Amino acid sequence: MIHKIKSIRIVFFFVLMAFLIPSLKAQEQITSPEEYFGFQMGADQKIARWDKMVDYFLLLEKQSTKIKVINMGPSTMGNPFLLVIISSADNLKNLDQLQEINATLSDPRDSSEQEIKKMIPEGKAVIAQSMSLHASEIGPTQMSPELAYDLLSRTDKETQVILDNVLYFMFPCFNPDGEIMVTDFYREYVGTEFEGTSLPWLYHKYAGHDNNRDGDYLNLVESKYAAQILYRDWIPQAYIDHHQMGSYGARLYIPPYCDPIRPFADPLVWREMSWYGAHLAYKLEENLKTGIINDAMFPGWGHFGWHWITPFHNIAGMLTESASTELASPLYIHPSQLRGGSRQFPEYEAQSTFPHPWPGGWWTLRDIVEQTKVSAWALLDIAARHKETVLWNAYLKAKRQTERGAKGKPCAYVIPKSQHDFLSAVKMVNTLLLSGIEIKAAQSSFSVDGLTYPKGSFIISLAQPKMGLIRNLIGRTFYADNEWTRADDGSPLRPYDLATHTMNEFMGVRVDPIDEPVEGDFEVIQDQFEVNGKVGSGADMYVLDGRMNNSFWAVNLLLDKNVTIMRADHKTSELNPGDFIVAEGSETLLRDVADLTGVDFTSYNGEPSQWAHELKRGRIGMYQRYFGGNMDEGWTRLVLENFGFPYTRVKDKEIQKGNLSKDYDVFIFPDDSAAVIKGEIPERYRRYYGSYPPEYRSGIGKQGVEEIKSFVQNGGILVTLGDACSFAIEEFGLNVRNVLSNMDSKEFFCPGSTLKVTFDHQNPLAYGMPSEGLVLFRSSPAYEIIPGDRNQDYEVIVRYQDRDLLRSGWLIGEQHLSEKAGMLTAQYGEGQIVLIGFRTQHRCQTDGTFKLLFNTFLH
């Protein structure tokens, strides 16, 4: 009997081990980050490089059935852009069905409430988080391997509930190129006096810090990848974008935002942010993390980067901001150095939203990694605990926003086919489609509000879940002017970025609000709307419409093939000033260009010589400095590349060497201060500027100024943008005055608004522009010409209208801007200086004024 019992025990032992050993093996074979990288994530003076992180995530995918790694494609500079999905093995096997449920909850227009209630128990909460969009904010990306490892290796109940109830979508690095640049630069100087110095150039090829201003226009490839997941394929219920901030205040900002809030989001989304944020705060306090603040610093009305635009996709879009170190190098902070002073955080003292101040001391990258991981885990935890509530709220937000859109005024927007630049309108439509907005194309003409719109017009109904997004992107917008946006003395508080983000106004596209339901033959656009240009027949020459931005692209493609092109200077029955006349070119080439650009080549049988001149494209040079790089320079490069303009980046030494006319006909100074251009850094910035290695300290100096003057004197064209105009005015002694200089904000204030102007479209620099339109004014200069004996050397190209200047945004003191110049030219020797004060090519978004820049290159 004893032997029998022993035998049973032995059999039971082996049966038990048969079940346990695979589990133990699976647990043992998951490699920890510390084992793989050779150091703990966040260790002093250590940064894991992106290529090694990619390999680590791929290794985890081999070791676990609970992770799926998707390479969404190459980044701007060709590095892998990863999406990592973590959930239970069963959930990952069932992604297609779960995606279908999620899509129905996000847009329930074709489903009944009973059907929704049946779906919710089967669905999973979709939670997304992104790391280190700003590459110098390295902590969140360094944290991501550790978070993934914990989710895959932990076996406790809390983790299992998360894996069972949540589909976790993680972008472990939103800016792979920048992560590599920052890592390599840090490693080069670690252990030297320059350890921890910021990258001297932009940490994104084009955008730098502004990659968090591209959640609406989606100009960057990384933005397109994120939008595919967040806006269309998988609309998450909650999203956190993990960042870092300055070093001398709170240790960590967490949701919710403070006031003011941007209008038209569903109220539930603001409640959700408070709910999620409270759980984050609780978990951080539970883990003895101090210096945590919420409901302060960051307002609910911000830019349209990722965490601020997602609430209008009915996503609880949130932000964390950790206090920074000097990259991976620790920073010691004295208690007396800690400061408040930001929105709803007046002093560095305990308050209800900041109950446990950090006392000061050493602050490390490991501190950032730990508190970011607690925050990221807490979001997953609360969503898992309350999965059905989260999913039900997703349905309610979509349903209620659709109902509001149907009942409100306007109830729809029409984008007429008749546009000044139809192809820019199509570009806008395609951008909105990337955001998951439903747009219909008219299959025949229709009438509404007494107007008849032709076939080919577009209509956007507000009776859809993304009503709030539509209202903000193409509806006239006024920034809040109340106690939340004014200081105690009445001074306006600057918005966090712009005061409006009205896409159609930026792009020069006509959009008509409609207050009554529209009936007609409409078809939902399923994919990107394509326009194939046409090539006429029966003529030796062709005309390209000079009003179309894409005509400049087509012209550049043809010039690259040595095709002769003329440009009209006078209006005739077939031509407008600025139209391009193609005098030659094979039919195959013209059709290829028409297909690519969408531009029509209209047959022309006239004699152009008396109405036009042969077009010459100037050789373009553009100033590129260090000192962290210049985002406006980066965006300008992207604009030029998108439209096929060749250019060369020119640094200080080449300018100082002189003889610029040998290589360039046009030279651009992007928006920048005169002092930084010259290298005359203001006292308050000298310590920061001096922290760069000597080879990365910029400024053209006195010699460079003289060479720029010589370039213009000898026939060159100098184009200055924004604040760089002050450089030209000061150094060339122009009889021009910025009428807004040093004006108190209570007298004049305009922080990113669309204003009404007139264009002198008979002037070659405004060819292709309408007679009236809008420009983006962002604390820009505005000019008057000072009387003198060379008044004839100056021409005003763009002038602000006399009254009612504001279209969208916020404007105080319009009388100071009335009839002042926004763009003008000055003759200097044999050359010309062009001053463009407003944001003509802002972030590759203001298509409506691109031509004003393009025309400076074509002569």
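The values are calculated or read from the model by the stated rules, or taken from the named source; none is laboratory data. Quantities reported herein were computed from a predicted structural model and do not represent experimental measurements. Reconstructed Cβ throughout: ideal geometry from the backbone, glycine too, with neighbour counts over all protein chains shown. Note: areas computed on protein heavy atoms with side chains; ligands, DNA, RNA excluded. Shrake-Rupley method; radii C 1.70, N 1.55, O 1.52, S 1.80 Å.
So the values come out like this:
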{"item": "Residue within region 317-340 that is surrounded by fewer than 21 Cβ atoms within 10 Å (Cβ to Cβ) and closer than 29 Å to Gly468 by Cα present", "result": "no"}
{"item": "Test for Gly538: is it surrounded by fewer than 20 Cβ atoms within 10 Å (Cβ to Cβ), in contact (Cβ under 8 Å) with a residue 12 or more places away in the chain, over 22 Å from the mean Cα position of the chain (by Cα) and part of a loop (DSSP other than H, G, I, E, B)", "result": "yes"}
{"item": "Residue within region 748-755 that is open to solvent by 60 Å² or more (accessible area, probe 1.4 Å) and either on the phi > 0 side of the Ramachandran plot or touching a strand residue (DSSP E or B) at 6+ places or on another chain (Cβ under 9 Å) (or both) present", "result": "no"}
{"item": "Where a residue in region 391-411 is more than 11 Å from Ala265 (Cα to Cα) and hydroxyl-bearing (Ser, Thr, Tyr) and its partner, wherever it lies, is surrounded by 20 or more Cβ atoms within 10 Å (Cβ to Cβ) and modelled with pLDDT of 95 or more, with Cβ under 8 Å and at least six apart", "result": "Tyr395/Leu105; Tyr395/Pro108; Tyr395/Ile116; Thr402/Gln464; Thr402/Pro465; Thr402/Met467"}
{"item": "Members of region 460-477 that are more than 28 Å from Leu105 (Cα to Cα) and open to solvent by 20 Å² or more (accessible area, probe 1.4 Å)", "result": "Arg476"}
{"item": "Looking only at region 654-669, and only at residues there that are in contact with a Gly (Cβ under 9 Å, 6 or more places away or on another chain) and among the charged types (D, E, K, R), the one that is nearest to Tyr626 (Cα to Cα)", "result": "Glu654"}
{"item": "So Arg476, is it modelled with pLDDT of 95 or more, in a helix (DSSP H, G or I), of a type in the set (Lys, Arg) and within 32 Å of the chain's Cα centre (by Cα)", "result": "no"}
{"item": "Strands (runs of 3 or more DSSP E) enclosed by region 355-459 - at least 2 residues per element that are open to solvent by 20 Å² or more (accessible area, probe 1.4 Å), modelled with pLDDT under 95 and touching a strand residue (DSSP E or B) at 6+ places or on another chain (Cβ under 9 Å)", "result": "none"}
{"item": "Strands (runs of 3 or more DSSP E) lying entirely in region 721-840 (those with 2 or more residues that are under 30 Å from Asp488 (Cβ atoms) and modelled with pLDDT of 95 or more)", "result": "751-759, 772-778, 806-808"}
{"item": "Val511 being over 28 Å from Tyr413 (Cα atoms), modelled with pLDDT of 95 or more and β-branched (Val, Ile, Thr)", "result": "no"}
{"item": "Residues within region 65-121 that are over 26 Å from Thr389 (Cβ atoms) and part of a loop (DSSP other than H, G, I, E, B), tallied", "result": "6"}
{"item": "Contacts under 6 angstrom Cβ, first residue in region 697-709 being at positive phi, partner open to solvent by 10 Å² or more (accessible area, probe 1.4 Å), 6 or more apart", "result": "Gly699/Lys678; Gly699/Gly679; Gly701/Gly679"}
{"item": "Test: residue in region 800-813 that is farther than 26 Å from Glu706 by Cα, out of contact with any helix residue (DSSP H, G or I) (no Cβ under 6 Å at 6 or more places or on another chain) and free of Cβ contacts under 8 Å to residues at least 24 places away in the same chain", "result": "yes"}
{"item": "Qualifying positions in region 262-282 - basic (Lys, Arg) and open to solvent by 10 Å² or more (accessible area, probe 1.4 Å)", "result": "Arg271"}
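Every residue, every condition in (1) at pLDDT below 95; (2) assigned to a helix (DSSP H, G or I); (3) not charged (D, E, K, R), yes or no:
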position	(1), (2), (3)
Arg187	no, yes, no
Thr192	no, no, yes
Trp201	no, no, yes
Asn211	no, yes, yes
Ala227	no, yes, yes
Tyr231	no, yes, yes
